[in-house]
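The values are calculated or read from the model by the stated rules, or taken from the named source; none is laboratory data. This structure is a prediction, so every number in the text was calculated from the model and none was measured. Cβ coordinates were reconstructed from backbone atoms using ideal geometry, including for glycine residues, and neighbour counts include every protein chain displayed. Accessible surface is based on the protein model in full, side chains and every heavy atom, while ligands, DNA and RNA are left aside. Shrake-Rupley method; radii C 1.70, N 1.55, O 1.52, S 1.80 Å.
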Amino acid sequence: MAGIKRKREADWCEVGSDILESIMRRLCFVDILRMKRACRWWFSVGESYTSSPSYRPCFQTPWLLIPPPEEEEEDDDKGEHKSIISLCFFNLDEKKPYRDVCLCREVYEGRCVGSSHGWLFLLDKTANLSLLNPFSGARIQVEGSLKEGRSEEGELFDVDSYTADGAKYKKYKGGRAFISKAILMMSDICKKKINKDKDGVVLIYRGGEKLAFGMFNDGRFMDLHGAHESYNDVICYDNLVCAISQFYGFVEVWDFSTTGFSPSPTKVMDIRSCLPLKKAIEFQKSTRQVCCSYHSYLVESCGELLSIVRIVSEFMDVHENGKDNQPKKIRLYKTVMFYVYRVDLHHKILVEMESLGDQVLFLGGNNSISLRVQDCPGCIKDSIYFTDSYWERADEDDSYGGHDMGYYNLKDKCVKPFYDTLHRYKMKPTPFWVLPNPW
């Protein structure tokens, strides 16, 4: 109708930065990520806001990196098809997956070998290591290579056998036979951001036989000469690097405080306690478990260093969908028990703990995490939430593995599920805990 003026539709891309930041201050982390995906202007304001000193993210339950419902395909530069696995996360609080929060898509040609402070460690088929922040899209290539390193006896490492064409890569279906765990070594954990001049990486490699560390500004790796094989976990704790052996739960400690993370750490402690192994064997006998494996973890909780022993039961079963649709015997496994110990660094002993109090632990292939239950909506206190990190089994069979997830409550002494894996035998990529981090 003539004479009627139409109201101009609002252009949301023109909203001022002060208004957008005011909105973001009222949003949770996942909604800030979604806002940043709206347009380039909102992304720019979101980057500026989350990088500013005024941004104080609240404590948050770690998200679970899980396989997406299906793989996607796209053409590469040569016009060839390649599989794309979009990163997908599961939120324990909302109990639903997120597929719209990542600012990148990653080609899974190698393996994820660690999750630390919001960064994923990715090992490609040529045994090169890099870091990926799935929330910001940032990438860091870890300079220096274990290919150039030498063993204590002066022999070159046989890295080629762990690359895509190597015998060990083919045998173990991936690079985790080479690097089984990687974590960040940060000089100031409160700042969250990686400082390439002061920070570095700690690795467990060669099938758990060796420990190494390297600084981002150095471009090389140096061995931490340990006395126990194989290693199951490593963490940084109060200027110390602590590693724990798989079978006996022995704890070794190196002091970096006097060197400021320079390449000359001092080994200061070797705690040899038979208590974890003794308790595990007693459990196996009392429950008549025919075959069990033991896995050890380290975690800082309320200023204390804790040692965790995970008992995994193994048994044989028949999988109906084997090769050529013929029945196939496969080795199944599931976690049945946890034991928790406090590491007394002063007296060099382990003390068994009956309860975690109001703490919740998150264990697996990630940098082990302990948080207050008040900061973890959807979680149950005095519990251990775990993902599959039994790489020898998870990577050896294309039809099975990666599924061993759940939570164990120390009071009830039982394992319960938090994510449905009954409908799938193989979880690929293997689930990892990731602390959402915009930096």
If I go through segment 271-290 residue by residue, how many of them are open to solvent by 50 Å² or more (accessible area, probe 1.4 Å), under 18 Å from GLY226 (Cβ atoms) and touching a residue at least 60 places away in the same chain (Cβ under 8 Å)?
0
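Matching residues to (1) touching a Pro at 6+ places or on another chain (Cβ under 6 Å); (2) surrounded by 14 or more Cβ atoms within 10 Å (Cβ to Cβ); (3) closer than 28 Å to ASN239 by Cβ:
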site	(1), (2), (3)
PHE315	no, no, no
TYR333	no, yes, no
GLY365	no, yes, yes
ASP375	no, no, yes
LYS381	no, yes, no
Looking only at segment 222-238, and only at residues there that are part of a loop (DSSP other than H, G, I, E, B), open to solvent by 40 Å² or more (accessible area, probe 1.4 Å) and at pLDDT 80 or above, the one that is nearest to PHE178 (Cα to Cα)
HIS225
Condition test on LEU305, is it surrounded by 13 or more Cβ atoms within 10 Å (Cβ to Cβ) and at pLDDT below 85?
no
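The rows are residues; the columns are (1) within 27 Å of GLN289 (Cβ to Cβ); (2) at pLDDT below 95.
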{"site": "MET316", "(1), (2)": "yes, yes"}
{"site": "GLU320", "(1), (2)": "yes, yes"}
{"site": "LYS323", "(1), (2)": "no, yes"}
{"site": "LYS329", "(1), (2)": "yes, yes"}
{"site": "VAL340", "(1), (2)": "yes, no"}
{"site": "HIS346", "(1), (2)": "no, yes"}
{"site": "ARG372", "(1), (2)": "no, yes"}
{"site": "CYS376", "(1), (2)": "no, yes"}
Going by the structure shown, is SER22 at pLDDT 75 or above and surrounded by 12 or more Cβ atoms within 10 Å (Cβ to Cβ)?
no
